Amino acid sequence: MVSASNSTIQRRRITVQGIVQGVGFRPFVYGQAHRRSLVGFVLNDSTGVTIEIEGPAQALDDFQRALREELPPLAHIDTITTECISPCHESTFVIAHSQTNAERHALISPDTATCHDCLHECFDPDDRRYHYPFINCTNCGPRFSIVQDVPYDREKTTMSIFSMCAACQAEYSDPLDRRFHAQPNACPVCGPRIQLLALDGDERIRWNGHRPGTVEPIAQAAQALADGAILAIKGLGGYHLACDALNTEAVQRLRQRKRREAKPFALMTADLETIRSFCYVNDAEAALLQSHRRPIVLLTRQPNHSVAPEVAPDYTTLGFMLPYTPLHHLLLHHFAQVLAPRHPAILVMTSGNLSEEPIAYRDDDAGERLSAIAEGMLTHNRNIHIRCDDTVMRIVAGGEQFFRRSRGYAPEPIFLMHDLNVPILACGAHLKNTFCLGKGRQAFISHHIGDLENLETLTSFHEGIEHFQRIFAIAPEVVAYDLHPEYLATKYALASDIPQKIGVQHHHAHIASVLAEHGLTEPVIGIAADGTGYGIDGTIWGGEVLIADLVDFERRTYLHPVPLPGGEQAIRQPWRMAAVYLTQAFGDAWHRDLDIPFVRQLDHSRWNILAQMITHGINSSLTSSLGRLFDAVAALIGLRNNVLYEGQAAIELEALASTMQTTRIQRCYPFEINGQMDVAPLIRAIVEDLQQGMALPQIAWNFHRSIAELFATACLTIREQSGLQVVALSGGVFQNRLLLEQLMARLREMAFRVYINRCVPPNDGGISFGQIAVAAAQLQKL
């Protein structure tokens, strides 16, 4: 019991908004009040947390200081409001029952990796949760993926079907316990249970069923993986497909069955030391790997590592993550025991789906869709309410860069510079889709949805929007969308009953995402570089230099447009773009006049057909895409004529160029800027180097340096005309580390201030955030 003197006391009502539910905030408040002999109550409600606290003014001031400075690990405060009210002269401080109000402002914590305390208990033979694969507390475990509604209480999560035993209930009810109101709290007696199922009768899956309080299913799964099996494994936000990453046959079989011919697989291992034996890891990368968010981190490979070649063919990087659930820790622990001393315990841990489908997260769907891939399924009976893929990141240019922002980060909001006039929905792009809902100053970017190219992903898009609208109580009055008329996200926006609709040009949204992240309100020079974006002139943009603010933009220069013969086929077959750029540089007779390997290997009859299509304007839209120029150069030097996914040729061109970084010759290919950026001189110079037998890595490096110089020079010209000193870079091409770092360095040498995306991906996963920023700015101007 805590008490306060009846004399010289004040009472304050404190409203706290932020990530303060399900993260140990109320017991933290209780402990701080208890320590200072203050009275009152704390409760969760739909706005966040409300505290009424009473006692001497100095003690109350000290209590409020602690609220800001001594928070639990997962808590994050956005706003605190305080008002003085009349004292009630209570005798205790209590944690009251949650309340549901009409307006909701509560935030949901992202799913979080197992904390050190829980991990210690999990591997302590004397602990009642020894080897329990669902151990958690208020500092860790599932959150976003199990929440069905707010306030965040057990009955509004997928844990509602599990009644706590007396021991768990005692922890849950004790304000001084680490598991006080930890909604997923459970133990082997009362909680979820693990199960290993054989999907195809494979003899490696020798055990079927579950026994409460034992780890046999996990041990048997580890043995099956060591024997070469592929397993579907249920994680926080969906299923993974796993196999031994050092077993070449198993990795090849997984790649074939998953129909993922070239994109790399993610890897999981138990500790940082093992990762360091396969990749270079600096301090920033180590911190990111070990953070409670546990993203996949892209790391530079060590030479002569033993990971199966099919894990990441033709890549200079590997994507590693550390385990983030107790099940992962236990599986890797047993896997290492089975393998020792053969080789390190590293698992392929890739999304549980066929290529281009969304990740499986419902058990029946996973059993049906993954049975053609996996021999067995390590699953459990705690349902996932919302699917959530792994986040993918790297450290570049002195900071973090997202490739995919999802588990561990969603649905944390990003804060805008000003309050929105009205709630807004931004529908995002077609590829790498995310949507974004905003109200007040908060922009809630969704988990990764994926490419909107099939019914399953489109359904996930619809369901995700409905879920976010419900848990954040957002009824959008404005919808923002991409201008491309065939994007399914655009069609959704235009068909919706949201009254006001605002179209946002694709590359303006890219630049706006940088401006909104960094709080930039004045016009900047924006370089938007990607593969495909619908331009306001009806052509395909992608190599743009803009003057832009959040409200509007002006296209100042861009890559000289060239035909895209066959539309999507030109993306899948980069040789077409190489032929187009050779035509631009040498004229129509290039395939008869030039003697280089590309021309000698060319199917001239196929090119003649395409040339006729271009001449007659048949399915040959113009494009200024920098992504297509990278494709063209990759094909021109003989690297890749056909790709299995967009960006593959450019990725391999960067990898080839990166091998020259220690011995490079300083050379820049010529170009011209006269209204547009003309790279015909550059193409002619590459052909000349090919004819002279220059090493292909050197040509690839020269090309990267030349593109950096091209765009830096364009910025310099625009600064001379406009006086602008700030450059913002965005678009999928800036996932190219070599280009990004060279361009940033060159711009800084020219005394520009340079900003890039740090909170959202530069690819189309960040488009929805840019759209909401543009829509908000345009509404404020009205």
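The values are calculated or read from the model by the stated rules, or taken from the named source; none is laboratory data. Here the structure is a predicted model, which means the values were calculated and not measured. Heads up, the Cβs are rebuilt from the backbone with ideal geometry, glycines too, and the neighbour counts pull from every protein chain shown. Ligands, DNA and RNA are stripped out before the accessible areas are found, and what is left, the full protein with its side chains, is counted by its heavy atoms. Shrake-Rupley method; radii C 1.70, N 1.55, O 1.52, S 1.80 Å.
When Ala250, Ala284 are screened for being of a type in the set (Gly, Ala, Ser), open to solvent by 40 Å² or more (accessible area, probe 1.4 Å), modelled with pLDDT of 95 or more and touching a strand residue (DSSP E or B) at 6+ places or on another chain (Cβ under 7 Å), only Ala284 passes.
The set of residues from the range 523-561 being open to solvent by 10 Å² or more (accessible area, probe 1.4 Å) and either among the acidic types (Asp, Glu) or within 26 Å of the chain's Cα centre (by Cα) (or both) comprises Gly531, Thr532, Tyr534, Asp537, Ile540, Asp549, Leu550, Asp552, Glu554.
Checking the range 231-244 against the condition returns no match, with no residue being open to solvent by 60 Å² or more (accessible area, probe 1.4 Å) and either part of a loop (DSSP other than H, G, I, E, B) or under 20 Å from Leu370 (Cβ atoms) (or both).
When residues in the range 386-400 are screened for being surrounded by 19 or more Cβ atoms within 10 Å (Cβ to Cβ) and part of a loop (DSSP other than H, G, I, E, B), 6 of them pass.
For the range 440-462, the set of residues classified as under 24 Å from Pro151 (Cα atoms), open to solvent by 30 Å² or more (accessible area, probe 1.4 Å) and at pLDDT below 95 consists of Gly440, Arg441, listed by residue number.
Within the option set Ala372, Ala360, Ala429, being open to solvent by 40 Å² or more (accessible area, probe 1.4 Å), part of a loop (DSSP other than H, G, I, E, B) and touching a residue at least 24 places away in the same chain (Cβ under 8 Å) holds for one residue only, Ala372. From the list Leu653, Leu639, the one residue that fits, being part of a loop (DSSP other than H, G, I, E, B) and not acidic (Asp, Glu), is Leu639.
When the range 745-772 is filtered for residues that are of a type outside the set (Lys, Arg), over 13 Å from the mean Cα position of the chain (by Cα) and within 16 Å of Val726 (Cβ to Cβ), the ones remaining, listed by number, are Leu747, Glu749, Met750, Ala751, Phe752, Val754, Tyr755, Ile756. Here Arg405 clears all of (1) charged (D, E, K, R); (2) under 21 Å from the mean Cα position of the chain (by Cα); (3) more than 30 Å from Asp283 (Cβ to Cβ) except the condition numbered (3). Which ones in the range 761-782 are open to solvent by less than 20 Å² (accessible area, probe 1.4 Å), over 19 Å from Glu544 (Cβ atoms) and not in a helix (DSSP H, G or I)? Within the range 761-782, no residue meets the criteria.
Every residue, every condition in (1) in contact with a strand residue (DSSP E or B) (Cβ under 8 Å, 6 or more places away or on another chain); (2) surrounded by fewer than 18 Cβ atoms within 10 Å (Cβ to Cβ), yes or no:
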position: Gln676; (1), (2): yes, yes
position: Val679; (1), (2): yes, no
position: Gln691; (1), (2): no, yes
position: Asn702; (1), (2): no, no
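Working only within the range 602-621, note down all residues that are in contact with a Leu (Cβ under 7 Å, 6 or more places away or on another chain) and open to solvent by 40 Å² or more (accessible area, probe 1.4 Å). The one that is in contact with a Leu (Cβ under 7 Å, 6 or more places away or on another chain) and open to solvent by 40 Å² or more (accessible area, probe 1.4 Å): Ser621.
Restricting attention to the range 691-720, the residues that are in a helix (DSSP H, G or I) and without any contact (Cβ under 8 Å) to a residue 24 or more places away in the chain add up to 1. Here Phe472 clears all of (1) among the hydrophobic types (A, V, I, L, M, F, W, C); (2) within 19 Å of Gly438 (Cα to Cα); (3) modelled with pLDDT of 95 or more except the condition numbered (3). Here Ala262 clears all of (1) surrounded by fewer than 19 Cβ atoms within 10 Å (Cβ to Cβ); (2) part of a strand (DSSP E or B) except the condition numbered (2). Consider Thr490 carefully, then state whether it is assigned to a helix (DSSP H, G or I), open to solvent by 20 Å² or more (accessible area, probe 1.4 Å), farther than 20 Å from Val551 by Cβ and polar (S, T, N, Q). No; evaluated as a whole, the condition is false for this residue. Within the range 159-174, is even one residue hydrophobic (A, V, I, L, M, F, W, C), crowded, with 20+ Cβ neighbours inside 10 Å, within 28 Å of the chain's Cα centre (by Cα) and modelled with pLDDT under 95? Within the range 159-174, none of the residues are hydrophobic (A, V, I, L, M, F, W, C), crowded, with 20+ Cβ neighbours inside 10 Å, within 28 Å of the chain's Cα centre (by Cα) and modelled with pLDDT under 95.
The set of residues in the range 463-480 being open to solvent by 40 Å² or more (accessible area, probe 1.4 Å) and either touching a helix residue (DSSP H, G or I) at 6+ places or on another chain (Cβ under 6 Å) or among the hydrophobic types (A, V, I, L, M, F, W, C) (or both) consists of Ala473, Ala475.
Report whether or not Pro413 is at pLDDT below 95, crowded, with 19+ Cβ neighbours inside 10 Å and touching a Leu at 6+ places or on another chain (Cβ under 9 Å). Here the answer is yes, as Pro413 does meet what is asked. Within the range 730-755, if we keep just the residues that are in contact with a helix residue (DSSP H, G or I) (Cβ under 7 Å, 6 or more places away or on another chain) and not in a helix (DSSP H, G or I), the residue that is farthest from Thr521 (Cα to Cα) turns out to be Asn736. Residues being buried (at least 23 other Cβ atoms within 10 Å of the Cβ) and within 17 Å of Ser109 (Cβ to Cβ): count how many of those fall in the range 34-57. Looking only at that region, the number is 3. Out of Val599, Val580, one residue alone is crowded, with 16+ Cβ neighbours inside 10 Å, within 39 Å of the chain's Cα centre (by Cα), under 19 Å from Leu690 (Cα atoms) and β-branched (Val, Ile, Thr). It is Val580.
Residues in the range 443-469 that are in contact (Cβ under 8 Å) with a residue 40 or more places away in the chain, assigned to a strand (DSSP E or B) and not small (Gly, Ala, Ser): how many? Result for the range 443-469: 1.
Out of all the residues in the range 99-128, which are more than 29 Å from the chain's Cα centre (by Cα), open to solvent by 50 Å² or more (accessible area, probe 1.4 Å) and either more than 25 Å from Thr15 (Cα to Cα) or at pLDDT 95 or above (or both)? His120, Phe123, Pro125, Asp126, Arg128, listed by residue number. Please verify whether Leu322 is closer than 25 Å to Ser109 by Cβ and crowded, with 24+ Cβ neighbours inside 10 Å, treating the condition exactly as stated. Here the answer is no, as Leu322 does not meet what is asked. State whether one or more residues within the range 297-313 are touching a helix residue (DSSP H, G or I) at 6+ places or on another chain (Cβ under 6 Å), of a type outside the set (Gly, Ala, Ser) and open to solvent by 30 Å² or more (accessible area, probe 1.4 Å). Checked against the condition, which is being touching a helix residue (DSSP H, G or I) at 6+ places or on another chain (Cβ under 6 Å), of a type outside the set (Gly, Ala, Ser) and open to solvent by 30 Å² or more (accessible area, probe 1.4 Å), the range 297-313 yields at least one hit. The single residue among Pro87, Pro73 that is out of contact with any helix residue (DSSP H, G or I) (no Cβ under 8 Å at 6 or more places or on another chain), outside any helix (DSSP H, G or I) and closer than 21 Å to Leu176 by Cβ turns out to be Pro73.
Can you give me the number of residues within the range 722-741 that are within 25 Å of Pro681 (Cα to Cα) and either among the hydroxyl-bearing types (Ser, Thr, Tyr) or surrounded by fewer than 18 Cβ atoms within 10 Å (Cβ to Cβ) (or both)? Number of matching residues: 1.
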